[in-house]
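Down below is the structure, laid out as structure tokens.
The values are calculated or read from the model by the stated rules, or taken from the named source; none is laboratory data. Just so it is clear, the model here is predicted, and its values are computed rather than measured. Cβ placement follows ideal geometry from the backbone for every residue including glycine, while neighbour counts extend to all protein chains displayed.
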Amino acid sequence: MTARHKLIIAPSILAGDFGNFARDAKRAEEGGGDWLHCDVMDGHFVANITFGPDTVAAFRKATKLPLDVHLMIERPDVYAERFIDAGADHLIVHLEARHDVVRTLALIRRRKKRAGLAINPDTPAEKALSFLGQIDELLVMTVHPGFGGQAFLAEMLPKIRALRSAAKDLPIIVDGGINPETGRQCVEAGASVLVAGNSLFRHKTLDLGDAITELRKHATD
């Protein structure tokens, strides 16, 4: 990470308590998180189902943090505006999903929201290059999408380096298996946004503020 990028910590609410989402969204804000990352899964694009626009609307009421909504869904073009209406500040869509990527990104920007593009581990970095001028953030999956708690894929580090070389000013997000050690590796490779779930919400001290502080400090030392 270069001096031009401020490190952003985005707690992933998917690792929170489903029965106390509003409380955990507020904890993420009070603990020093910068964004709240919201993983939306539809059971088609990935083999899991999480939550929809109504839950995102509840997050919007619970926290002032920017909502970074990651659509791991088959048809992001169909649902993008519903999530924007629910309160999403950033909307990230997958390159691999079934949609016209250019049109979906343009729709998000037309609604004055940050448009993000995500790529899966099996997608080469080169596939994202033609979209760099149309996005506000780029997400590199560092696990195979679908479930939290997976082990970090170290082979994604060269991809992060390649994308940072091609996109000097773009926020590069990493998502999956992020903890203080893997977070530091990603920052050294060029990532500027760390999405973390289990390592924050299930930290040994059970204090989300301590966990966020530890991740930020370890990643930037």
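Out of curiosity, is ARG111 touching a His at 6+ places or on another chain (Cβ under 7 Å), surrounded by fewer than 18 Cβ atoms within 10 Å (Cβ to Cβ) and modelled with pLDDT of 95 or more? No, not satisfied. Tell me which residues, restricted to segment 42-89, are crowded, with 18+ Cβ neighbours inside 10 Å, assigned to a helix (DSSP H, G or I) and touching a Pro at 6+ places or on another chain (Cβ under 8 Å). Hits for segment 42-89 are TYR79, PHE83, ALA86. Of all residues in segment 23-35, those satisfying the criterion of being surrounded by 15 or more Cβ atoms within 10 Å (Cβ to Cβ) and either touching a Ser or Thr at 6+ places or on another chain (Cβ under 6 Å) or farther than 18 Å from ASP175 by Cα (or both) are ASP24, ALA25, LYS26, ARG27, GLU29, GLY31, GLY32. Taken together, ALA86, ALA47 contain a single residue that is modelled with pLDDT under 95, of a type outside the set (Lys, Arg) and over 21 Å from LEU138 (Cβ atoms), which is ALA47.
Could you please find all residues in segment 90-111 being within 19 Å of the chain's Cα centre (by Cα) and not in a strand (DSSP E or B)?
Selection gives LEU95, GLU96, ALA97, VAL101, THR104, LEU105, ILE108, ARG109.
Return yes when VAL174 is in a strand (DSSP E or B) and at pLDDT 95 or above and no when it is not. When the stated conditions are applied, VAL174 passes them. Taking (1) in contact with a helix residue (DSSP H, G or I) (Cβ under 6 Å, 6 or more places away or on another chain); (2) surrounded by fewer than 17 Cβ atoms within 10 Å (Cβ to Cβ) in turn, ILE9 satisfies each apart from (2).
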